[in-house]
Structure formats: structure tokens, C-alpha cells
Amino acid sequence: MRNELSVAWRDVRKSFGRRAALDRFTLEAGPGIHCLLGDNGAGKSTAFAVLTGARRPDAGDVLVGGERVRRGGATARLIGSAPQSLSYPPTVRVREVVDYVAAHYAAPAPTAAILDRVGLTALARRSCGGLSGGEARRLALACALVGDTPVVVLDEPSAGLDRSGQGELREIIRGLGSAGRIVLLASHDLADVEALADRVWVVAAGRVVLGTDPDDITRRLGTRRIRFPIARAVGWKPVAVRVDPEAVVSEAAGTAIISTTRADAVARELLGVDGLADLTIERPTLGEAIDQLALATRDATDAPA
Amino acid sequence: MTVIIATVRLQVIELVRLPAFLLPLAAFPTMLYVLLPANLARPSLLTLLGYLAFAILGTMMFQFGVGIATGRNDPWTIYTQTLPTRAVQRIVALVGAGIAFSALFCVPLVVAGSASGALRAATPGAIALIILALLLGAVVHGLFGLSLGFWLPARGAVGITNLVYFPLSYVGGLFGPVAPGPLTEIHPWTPTGGWMDLLHASASGEFAGRPMLVLAGYAAAFGAATLVGYLRVERTVYA
């Protein structure tokens, strides 16, 4: 399915009580796989909820193909979604759930084919109350796919899946992306992002702080942290900066921390510094990388012109 | 139409597999009918019709009034409302499911009534009219239940529904004619009273203009309350 659709959030605000879940959230996505990254509570799920119509924005526009989103309206026919916290009526069977969702779309995929695709054929007659967490996630994926829609929204789809399930899921998502669909994927799994994303959107405090390609993320994640006790080390700072002028150097609680993309070269030189010992090299976690990206972007935005 | 059928089907298969839902609503009206000696000793079609209306009223009040009020914040319910469907389609489907269960819950009463001889005097024409009158009342009270479901707070739903259900059954004459007094003045203007008057007229093959008008008025009022309640839930509970 090739489509020229796009989905867009424009200056969307959404608050729950005093907490702003979305704060001038702006994003536009065309065909391809879009990964939304961000901490818990960053606003990813709320952004999806206002797109599918599960929640109403307080302000701003949410558009699919240029048309404003309304719960159960025309745009809903274009979206298949698997929300993060989807539960099912416990007495209804797996196949019946998929049949029910399929009935809402003009040209749904055959239920049997979808169950096969998500690995639930053997459980088709099982009551939803008896599903494990991973099986329930697969069923959510089936609900998202059965409408055969040009826009597919997947909120933490790999949560609760075992390794083989995660591999199968990636194949499915990759297939959707190469078929020209707009796939919107929220994930905490760096491997998902590296394996799948055409575009990465970093979300923090209800706002998109960065839209970039995965290479950029990988490059930024290529930054390593060198750490060692300062105690008896003498003259280490100029050595580090000489090897990598872009290295970020800091000290905390008697420990030196050097963030650098040339960790091996910097470490080699530092090992020649008098009194320096117990040096370690660390790769930042995804959360830290996101924080770095978010902070760097915010700093750039806030910097005086 | 596909969405309506699919929604009715899902509602039915979801609830039909829940004995805790099914048994009380199926058994309670029949138990009352059978256990009160006068009902079997002096079998009467009008008495049986009152109990049938009581069975339907209970289904609509508890399936919709309590069921929707307590389940409307459920992730599955929220998800289904994001699927491409219109408010009217969902309302029609919910009433349709209520009618399906009402028919099911009327079966044991009809069996008990037949066994006691309460249906002996009913002609096929009267039975057809009675079925239509039951159906009309089911729609009106289905909308009543839905409006309660969309307006009542989840925590108070059971108590408030009981507060509505039993007095309405009594003043409507569902357990027999209302004792003379102020209630007889109110009776024809209540939804259950209008319904019972229509059922009585149907049983004797008469035209019942006022009960029809009363029920039509309630259908419009409850229908509007349901639609506004549904939209309100969209705006507030899920917002």
C-alpha cells in the first residue's frame, strides 16, 4: 500500500489536571517508520491518544490526511492502533475480538491471516481472560493490523514479548514500513529504534525536542564516557582535550568524567598520565542518550540569538 | 449495519458467558412469579405481562445503567470508541443487545406462565400486539438505562439504579394494579405505567393512544439524554 498521507500534530496541548501531558506538541510524519522516544510520561502515549481520538486535545490541531481527527470519525478509518494499556473483555475469545475490530473497517484483512501473522492462530479460541501479557500484546497488534489501514499506531508493542516475539514483531513492522504505510512506534527499546526507524522523534515534557534520522542517534550514542578517580592523576585534562577537542569534561565527587566520541584514543593517552588508574569506559544508556539529545536541543533553542 | 451487528454480537457473547450476570437477571423475575402463590393459583395474562415487563426493566437498568456506568472508563471501552463508528450506531447496537437479553430472560417466565395457564386466553393477534408492546417498552427503557449509564457516577450506579428500579416497578403496576391513592394519579404518566397500560390494551386488542404518546415522549427524552450523555462522556470522562 503506497500512500501520500501524512499525519500531523500542530501546537497540540493536552493537560490532565495541572499536568501538561502535551505542550505545543508539533510533529508531521509521512510514509515510513517513525519512532517516538522519550521517558515515561514524556507525552508519547498522549500524542497517540489524541491521534486515534481516544483523547481530545485542549488546543491545537491533529490531522490525518489534512482532516481533523474526531473520535470515531472519518480519520479513524485510516488508523489501526494498538494502545499501550489495552485490555479485553475476559469472556470474549481472541478470534472474536479481531472479528469485532475488523467489522469497523471497509476492507479488513481476513482474521485468520492476521492471527497467523501475529502468531495467535493456536490461541484463536482462547478467552482473552486467559492470555499472558505477551499474548495480549500480540492481540493488540492484530487489532492494529486487521483494518489494513494506511496509518498504524503501535505504543510499546514489544513490551512483554519474548525474544522470538520481538523478532517477529520487527519483521511485521519492517513490512509495514516498506509497504509505504505510516507507522508510528513508541518504544523504549533501543534495538527497535536501531533496527526499524526511518525517522526518530525525541519527546520530552510533552514536546518534540528533536526530529532526526537514526544515524544521528547512533552517532550520538557513539559517545562514550571515560571515568576514573582524580585522586593522584596529574595533568589529565589537557591530555583529553588535546586528543578530542570536542570532549566534554566534568568532575563529580572526586571522579573525572569525559564524554567523547574518540574514547579509545583518549583512554590510550590518559593511561600515560602520572597517577591515573582504575579507568573505565562506559556506553550511555538510551535514556541518557535521549536526555543528552533533549538537553542539547533545549540548550540550542534557549540560546540567545 | 455491519458495525451494529458486530457490536450486538460482541455484547451478547461477552455477557452470555458470564453466569454472574446471566443467572440473577434470568432467575429473579421468574422466582418472584412462581413463589407468590396467587400468581399460579389465579393465573392471569395481565399479571404475567407485568412480570415480563419487570424482567425487561431489570435487564435494561442493570445491563446499561450499572454496566455502562461502571465500565465506561475501561481501556477496552475507550479503545472501541476510537474505532470508526458513530454514536447513534453504538446506541442502537447497545439497545439491540439489551433486547436480545430481554427476550432470553423472558423465556423462563413465558414457560412458567404457559404452565400455569396464564396464556390460555390470549389470541395469536393479541400475542403479536403484546410482543410489539413489549418491544416498544424495551426500547424506551433501554434508552432509559443507557441514559443512566452515561450520566451516573460509577460508584453510585448500583444504589441509584435500585432506587429507580423498584419504585418504578411498583408505581408502574408491574406487580399488580396500584393501590388507589396518589400513585394512581401518577401511574399513567410514568414510563412503566405507560408501558403497562399499553400492554393491557394490547392484551385486549384495544388502541391505546395516551400510553403510546407517553412512551413516545419518554423515548424522545431518554434518547436525547442518552445522546447528550454519550457526547458528555466523550468530552469529560475520556478527555
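Each reported figure results from applying straightforward, stated rules to the coordinates on display, with no laboratory input. Predicted model only: the values in this text are computed from it and were never measured. A quick note on method: Cβ atoms are made from the backbone with ideal geometry, for glycine too, and the neighbour counts reach across all protein chains shown.
The table below gives the values:
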quantity: DSSP bridge pairs, the protein assembly as shown: antiparallel proportion in percent, nearest 5; calculated: 65 percent
quantity: Viscosity 0.692 mPa s, 37 °C: Kirkwood-radius Stokes-Einstein D of chain A over Cα pairs, µm²/s; calculated: 154 µm²/s
quantity: Selected from A:ALA109, A:VAL208, A:ALA231, residue furthest toward positive end of dipole (the protein assembly as shown; charges at beta carbon); calculated: A:ALA109
quantity: On Cα atoms only, tilt of B:191-203 relative to the major axis of chain B in degrees; calculated: 50 degrees
quantity: Assigned charges on the beta-carbon of Lys, Arg, Asp, Glu; chain B dipole about Cα centre (debye); calculated: 340 debye
quantity: Test item: Cα-centred dipole of the range A:119-210, Lys/Arg +1 and Asp/Glu -1 on Cβ, debye; calculated: 180 debye
quantity: Tilt relative to chain B, helix B:124-151 - C-alpha long axis, 0 to 90 degrees, to 10; calculated: 40 degrees
quantity: Per-pair calculated FRET efficiency, R0 = 22 Å: A:ALA112 and A:ALA179 via Cβ, rounded to 0.05; calculated: 0.65
quantity: Debye, to nearest 20: dipole size of the protein assembly as shown, +1 on Lys, Arg Cβ, -1 on Asp, Glu Cβ; calculated: 920 debye
quantity: Å³ per residue enclosed by the Cα convex hull of the range B:155-218; calculated: 96 Å³
quantity: Positive-end residue of B:LEU25, A:THR260, B:THR7, charge dipole of the protein assembly as shown with Cβ unit charges; calculated: B:LEU25
quantity: Residue-count net charge about A:ALA102 - beta-carbon cut-off 15 Å; Lys, Arg +1, Asp, Glu -1; calculated: +1
quantity: Helical mean residue ellipticity (222 nm; -39500 (n - 2.57) per DSSP H run of 4+; nearest 500) of chain A; calculated: -10000 deg cm²/dmol
quantity: Radius of gyration and Dmax over the Cα atoms of the protein assembly as shown, both given in Å; calculated: 31.5, 112
quantity: A:ALA277-B:LEU32 pseudo-label distance in nm [points 7 Å out on the Cα-to-Cβ vector]; calculated: 8.8 nm
quantity: Shape call, the range B:2-235: gyration tensor on alpha carbons, a/c limit 1.5; calculated: prolate
